[in-house]
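What follows is a short report on a single structure.
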Amino acid sequence: MADIQVKSELAGKVWKIETKTGQALAEEDAIMILESMKMEIPVLAPRSGTLKDILVAEGDSVTEGQALAVLSV
Amino acid sequence: MVAGFGEIDRRPVAVIAADFTTLGASSSRIMGKKTRHVKKIAAEHGLPVVFLGECSGGRIPDLMGSDGIGAAGEGSFYNRARETPWVSAILGQSYGGSTWYAMMSDLVIMRKGAIMAVASPNVTSVATTESVDLEELGGWRMQSEVTGQCDVAVDADLDALKSVARFLSYLPSHAGEAPPRAAVPAGSDEAIANILDIVPESRAKVYDVRKALEVIVDKGSLYYIKERFAKVAVTALARIDGWPIGIIASNPLVKGGALDGDACDKIISFMVLCDSFNVPIVQFADTPGFLVGFEGERRKLPSKIMNYIQALEMTTVPKFAVVMRKSYGQAYLNMGGGKSDALAAWYTADVGFMDPAVGVNVVHGVKQSDDPKRFAQLADELGRANSAYDLAAPYFAQAVIDPRETRGWLKRMLSIHRRRPSGGVGKHRMATWPTKF
């Protein structure tokens with residue numbers, strides 16, 4: 001098992017967190033939803049694994065490349 | 001190295017295959033001579049070239065000294081003019097020669113577990129004094145997801161060979177002929193009826209454009225290229241009514257469909273393939289625009305956007321554009337607005353300089369959260385002339401269609417735009433554009 005950081009692909013605001021730590025995720029499952037470019041943009045699991053940590057809260061502003069969650073794969 | 005000729009799907013091909021059991025398939029003078037000979041025959045007689053790549057690097061001590069490296073520079077190795085398609089399958093450790101050929105190829109397939117890099121871990125660790133992890137150096141994930149230098153990753157050697165055959169099935173044997181038409185699988189016309197269930201009506205909602213493409217093209221015909229790299233742009237070969245096409249689509253599922261610099265690189269590389277081998281291009285736009293921001297500027301987004309549109313204008317294959325839900329600003333132009341043989345807008349399409357909601361912020365300085373009522377009124381005013389019909393009235397769009405008519409419209413366009421006087425063969429103005437980015 002290795003931990004990988006799930007990073008934001010663009011600047012925006014955390015709108016909704018749809019997962020909980022400890023949850024099993026498949027590749028491309030949505031972890032949370034960002035609001036950016038006037039759209040609701042999901043943050044997808046880069047590969048299947050277990051969600052180890054969520055590093056942001058709803059309403060937070062995030063920058064491109066910022067770590068949002070940790071996934072154990 | 002074993003080099004020779006064979007057939008794939010009853011079409012002749014040249015094959016240059018590394019034999020790792022002989023001195024690690026290291027690069028040598030005679031190997032170079034053999035490669036040049038086979039490549040020359042392939043170019044002159046119109047045969048695709050298949051490289052099965054493994055290579056431990058340059059053969060030492062043969063290549064040591066000024067005579068060794070001097071001899072390596074003799075002859076013409078690197079002037080790819082895309083007379084015929086090249087495809088590389090990296091099936092083991094690949095350093096030096098086989099990596100170079102992969103980087104000059106139109107498609108790079110890696111078998112998972114294979115490594116593709118400039119130099120072997122031995123050479124790399126000696127040169128940098130760092131210990132080298134093979135997968136980090138040039139594993140399939142790194143090359144598929146970070147660099148995009150691997151187009152297709154497969155599980156086993158046999159899958160790689162099947163993928164080579166599948167890729168070549170969309171292309172002509174050489175640039176002087178049109179791509180071959182295939183039989184249309186049964187049931188290809190039915191699935192489009194469900195497209196409204198795939199694409200949400202609200203433009204703020206995302207969806208996976210690959211699911212929409214699946215119901216538009218001939219059943220099972222999508223062949224993704226660089227699927228794991230710059231995922232906001234989808235590039236794929238496919239067929240409609242049996243005719244091969246090259247698809248470029250923004251994917252709202254990733255970054256909301258806002259195209260970035262890597263997406264531009266990926267799209268340009270794909271257009272080079274299509275233009276070189278007479279494959280018509282279809283662009284599907286559902287994008288809020290290019291992804292503006294500090295990161296994009298630092299990574300040369302302006303030059304990449306211009307490279308993209310320059311490449312688009314240079315291509316001479318038939319080009320079509322479909323504006324799905326929205327397409328704004330420069331991205332509208334890059335995704336085929338005014339640059340296509342024909343453009344269709346879905347009746348739901350919204351087209352303008354920018355998203356009206358963004359425009360309200362910029363022009364009036366009003367945020368939705370501050371004054372929702374006034375914001376809605378101003379957004380309505382700014383978005384009033386943005387409809388598909390507004391685009392079609394001055395003939396910027398040649399058709400306004402129901403999304404369920406997309407496949408039928410493309411079938412008709414492909415049957416009309418066949419470049420008959422030249423036998424479907426374009427001018428290949430992109431054929432000498434560098435293969436990689």
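Annotations for the structure displayed:
- Qualifying positions in the stretch B:308-333 - in contact (Cβ under 8 Å) with a residue 60 or more places away in the chain, away from chain A (no Cβ under 14 Å) and either farther than 21 Å from A:Met39 by Cα or touching a Lys or Arg at 6+ places or on another chain (Cβ under 8 Å) (or both): B:Ala311, B:Met314, B:Thr315, B:Thr316, B:Val317, B:Pro318, B:Phe320
- On the stretch given as the stretch B:343-361, residues that are of a type in the set (Gly, Ala, Ser), open to solvent by 10 Å² or more (accessible area, probe 1.4 Å) and either more than 10 Å from chain A (Cβ to nearest Cβ) or in contact (Cβ under 8 Å) with a residue 60 or more places away in the chain (or both) total 1.
- Candidates B:Val215, B:Val199, B:Val272: the one that is under 19 Å from B:Tyr332 (Cβ atoms) and either within 12 Å of the chain's Cα centre (by Cα) or not aromatic (Phe, Trp, Tyr) (or both) is B:Val199.
- Condition met for A:Ala11 (within 14 Å of chain B (Cβ to nearest Cβ), among the hydrophobic types (A, V, I, L, M, F, W, C) and touching a Pro at 6+ places or on another chain (Cβ under 8 Å)): no
- Filtered by the rule that a residue be more than 20 Å from B:Val322 (Cβ to Cβ) and in contact with a His (Cβ under 8 Å, 6 or more places away or on another chain), the stretch B:240-277 gives a lone residue, B:Ser276.
- Subset tally (residues that are over 10 Å from B:Val322 (Cβ atoms) and of a type in the set (A, V, I, L, M)) for the stretch B:336-355: 2
- If you check B:Arg59, B:Arg36, B:Arg82, B:Arg29 for being basic (Lys, Arg), open to solvent by less than 30 Å² (accessible area, probe 1.4 Å) and in contact (Cβ under 8 Å) with a residue 24 or more places away in the chain, only one passes: B:Arg82.
- Figure legend. Inter-residue proximity from the stretch A:20-38: first residues at the interface with another protein chain (Cβ under 10 Å from one of its Cβ atoms), second residues surrounded by 12 or more Cβ atoms within 10 Å (Cβ to Cβ) and among the acidic types (Asp, Glu), beta-carbon distance below 9 Å, spacing 6+ or different chains. Indicated pairs: A:Glu28/B:Asp208; A:Ala30/A:Glu18; A:Ile33/A:Glu18; A:Ile33/A:Glu40; A:Leu34/A:Glu9; A:Leu34/A:Glu40; A:Met37/B:Asp355; A:Lys38/B:Asp355.
- Sole residue being modelled with pLDDT of 95 or more and open to solvent by less than 10 Å² (accessible area, probe 1.4 Å), chosen from B:Gly336, B:Gly424: B:Gly336
- Taken over the stretch B:69-84, residues that are in contact with a helix residue (DSSP H, G or I) (Cβ under 9 Å, 6 or more places away or on another chain), modelled with pLDDT under 85 and over 11 Å from B:Ser27 (Cα atoms) amount to 6.
- Elements of the type helices (runs of 4 or more DSSP H) sitting completely within the stretch B:195-307 and holding at least 3 residues that are open to solvent by 30 Å² or more (accessible area, probe 1.4 Å) and within 14 Å of chain A (Cβ to nearest Cβ): these cover B:294-298.
- Check on B:Ala385, free of Cβ contacts under 8 Å to residues at least 40 places away in the same chain, closer than 20 Å to B:Thr287 by Cβ, open to solvent by 70 Å² or more (accessible area, probe 1.4 Å) and out of contact with any Leu (no Cβ under 8 Å at 6 or more places or on another chain): yes
- Looking only at the stretch A:24-56, and only at residues there that are of a type in the set (Gly, Ala, Ser) and either closer than 29 Å to B:Arg299 by Cα or touching a Ser or Thr at 6+ places or on another chain (Cβ under 8 Å) (or both), the one that is modelled with the lowest pLDDT: A:Ser36
- The lone exception for A:Met1 - which of (1) open to solvent by 20 Å² or more (accessible area, probe 1.4 Å); (2) within 13 Å of chain B (Cβ to nearest Cβ); (3) not in a strand (DSSP E or B) it fails: (2)
- Listed by first and then second residue, the pairs linking a residue in the stretch B:175-198 that is on the phi > 0 side of the Ramachandran plot to a residue that is assigned to a loop (DSSP other than H, G, I, E, B), with Cβ atoms under 9 Å apart and 6 or more places separating them unless they lie on different chains, are B:Gly187/B:Lys219.
- Among (1) within 12 Å of chain A (Cβ to nearest Cβ); (2) outside any helix (DSSP H, G or I), the one test that B:Ala183 misses: (1)
- Selection from the stretch B:219-257 of residues that are in contact with a strand residue (DSSP E or B) (Cβ under 9 Å, 6 or more places away or on another chain), at pLDDT 95 or above and small (Gly, Ala, Ser): B:Ser221, B:Ala230, B:Ala233, B:Ala236, B:Ala238, B:Gly246, B:Ala249, B:Ser250, B:Gly257
- Among the candidates A:Thr21, A:Thr63, residue that is open to solvent by 70 Å² or more (accessible area, probe 1.4 Å) and in contact with a Ser or Thr (Cβ under 8 Å, 6 or more places away or on another chain): A:Thr63
- Taken over the stretch B:119-166, the criterion of being among the hydrophobic types (A, V, I, L, M, F, W, C), part of a loop (DSSP other than H, G, I, E, B) and under 24 Å from B:Ser221 (Cβ atoms) is satisfied by B:Cys150, B:Ala156.
- Candidates in the stretch A:39-65 are the residues that are under 12 Å from the mean Cα position of the chain (by Cα) and farther than 22 Å from B:Arg228 by Cβ; of these, the one that is nearest to the other protein chains (Cβ to nearest Cβ) is A:Val62.
The values are calculated or read from the model by the stated rules, or taken from the named source; none is laboratory data. What you see is a predicted model, and the numbers here were worked out from it, not measured in a lab. As a convention, Cβ positions derive from the backbone with ideal geometry for all residues, glycine included, and neighbour counts pool all protein chains shown. The area values use the complete protein model at the heavy-atom level, side chains included, leaving out ligands, DNA and RNA. Shrake-Rupley method; radii C 1.70, N 1.55, O 1.52, S 1.80 Å.
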